[in-house]
Amino acid sequence: MGLGRALSRQPGGPGVDGRQVVVGERRPGWRWDGLRLPVGVAAGTATAAVELAFLAVAAVALGASALAPATRRWVTVLMRRYAAQLVRVESRRLSGLLASGGLPAPESASTRRQIGYLAARLLPGVLGLLAYAVLGVGVVLAGIVLRAAVRGELTLLDAVAQVAVGAVLLLLNVQAFATVAALDVRLARRLLSPGSRAELAQRVRELTTSRAGVIAAVDAERQRIERDLHDGLQQRLVALGMLLGRARRARDADRTAALLAQAHEDVQRAVEELREVAWRVYPSALDGSDLGEVLAMVAHRSEVPVRIRCDLPVRPERQIETVLYFVACEALTNAAKHAAATLVTVEIGVREGWVRMRVHDDGVGGADPNGRGLSGLARRVAALDGHLRVTSPAGGPTTVSAELPCG
């Protein structure tokens with residue numbers, strides 16, 4: 001099977017570092033993007049009506065439960081359940097229709113904050129209804145003006161003036177939609193965040209979990225290195241010592257030369273194995289080369305052809321490069337040893353403040369994300385607040401995706 005690396009060619013010219021720069025393409029469905037804002041505001045107005053009904057029913061139910069204390073717990077459970085469902089609907093609306101990222105998770109807010117958010121959402125709901133009412137009035141007036149123009153009841157100067165006034169009002173209406181959407185997103189970010197104390201507690205739990213994961217990953221890697229040294233390099237060196245002993249005891253010059261030649265080959269193989277172990281311990285090549293160049297060297301030694309596409313406008317921090325290096329090496333090793341792959345593609349780029357790596361092979365699949373190697377990688381990535389996803393159905397293909405924050 002051939003060895004080598006192929007850099008993918010994409011439309012566009014070379015960048016400042018000589019690599020190919022990919023020219024951005026217009027996304028499919030771009031016409032829908034222009035409708036997200038008005039549709040999102042309209043959906044928010046409709047959900048505000050539902051939330052108003054929920055708050056009214058919840059207030060009546062809480063007042064009634066004060067007279068019947070036995071029903072208070074049941075009312076509280078139902079109120080929490082439906083409040084959480086409404087907040088999840090609003091979160092999906094804001095992220096899907098208004099394309100707003102960075103929203104707090106709905107589950108992170110307490111029930112009190114969720115109900116307070118639903119009450120505050122009545123304001124953008126009313127404002128959105130007013131904006132659509134003004135738009136409706138403008139459409140009616142535009143129809144009246146158009147009808148008068150068709151009948152010849154308007155002069156040219158009056159028609160131009162009416163069109164100018166209508167255009168200004170339309171722009172103001174669009175701005176009103178944008179303002180309502182911005183207010184909606186601001187309320188969600190402000191009222192659904194768990195608060196400084198809860199955020200600090202959550203962060204402490206995340207750091208505790210990631211630290212334990214890193215310790216487990218380091219221990220697993222040490223055990224793996226110990227097995228490689230014991231089962232591979234140590235056995236080869238023992239055999240090499242025995243071979244040299246036979247060469248010393250041999251009385252035939254030809255026999256001695258043959259044993260020394262075999263010993264020389266074994267020394268070369270031992271050096272290669274030692275180099276492989278050293279690279280798994282610490283990728284020292286990253287001291288003088290960037291991630292793309294180092295992965296190119298790894299690809300040259302791979303038993304499977306590898307195609308690398310590395311588009312990093314700025315070199316990431318060293319710990320990020322190291323983690324991505326280990327992810328790529330583990331994926332390449334699995335593709336060569338277990339997947340029977342004929343081609344591996346490695347893509348690295350930056351998007352929305354994240355360094356993203358995607359390793360795809362056309363092998364038989366069936367990789368276990370909970371296995372020792374991949375689970376160790378997941379812990380390494382999580383230690384830097386990143387995410388690792390493995391998709392490997394039976395029959396293939398296998399895709400390993402890693403995301404790490406840029407800084």
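The values are calculated or read from the model by the stated rules, or taken from the named source; none is laboratory data. Everything quoted here is computed from the prediction, not taken from an experiment. Don't worry about glycine lacking a Cβ; one is built from the backbone with ideal geometry, like all the others, and counts go over all protein chains shown. These accessible areas exclude ligands, DNA and RNA; they are computed on the full protein's heavy atoms, side chains included. Shrake-Rupley method; radii C 1.70, N 1.55, O 1.52, S 1.80 Å.
Brief remarks on what is shown
- Among residues of the range 369-391 that are in a strand (DSSP E or B), none has a beta-carbon under 7 Å from a residue that is at pLDDT below 80 at least six positions away or on a different chain.
- Condition check for LEU384: surrounded by 14 or more Cβ atoms within 10 Å (Cβ to Cβ), modelled with pLDDT of 85 or more and closer than 17 Å to ILE320 by Cα: no
- Test: residue in the range 298-311 that is modelled with pLDDT of 90 or more and among the small types (Gly, Ala, Ser): no
- The residue pairs whose first member lies in the range 333-351 and is part of a loop (DSSP other than H, G, I, E, B), whose second member is modelled with pLDDT of 85 or more and of a type in the set (S, T, N, Q), and whose beta carbons are closer than 8 Å, counting only pairs six or more residues apart or on different chains, are ALA339/THR398; ALA341/THR398.
- Sub-6 Å Cβ pairs linking a first residue in the range 48-72 that is without any contact (Cβ under 8 Å) to a residue 24 or more places away in the chain and of a type in the set (Val, Ile, Thr) to a second residue that is surrounded by 10 or more Cβ atoms within 10 Å (Cβ to Cβ) and in a helix (DSSP H, G or I), at least 6 apart or interchain, are THR71/SER65, ordered by first then second residue.
- Subset of the range 351-379 (residues that are open to solvent by less than 70 Å² (accessible area, probe 1.4 Å), closer than 21 Å to LEU312 by Cα and modelled with pLDDT under 85): GLY353
- Of the candidates VAL355, VAL267, VAL298, the single residue that is not basic (Lys, Arg) and not in a helix (DSSP H, G or I) is VAL355.
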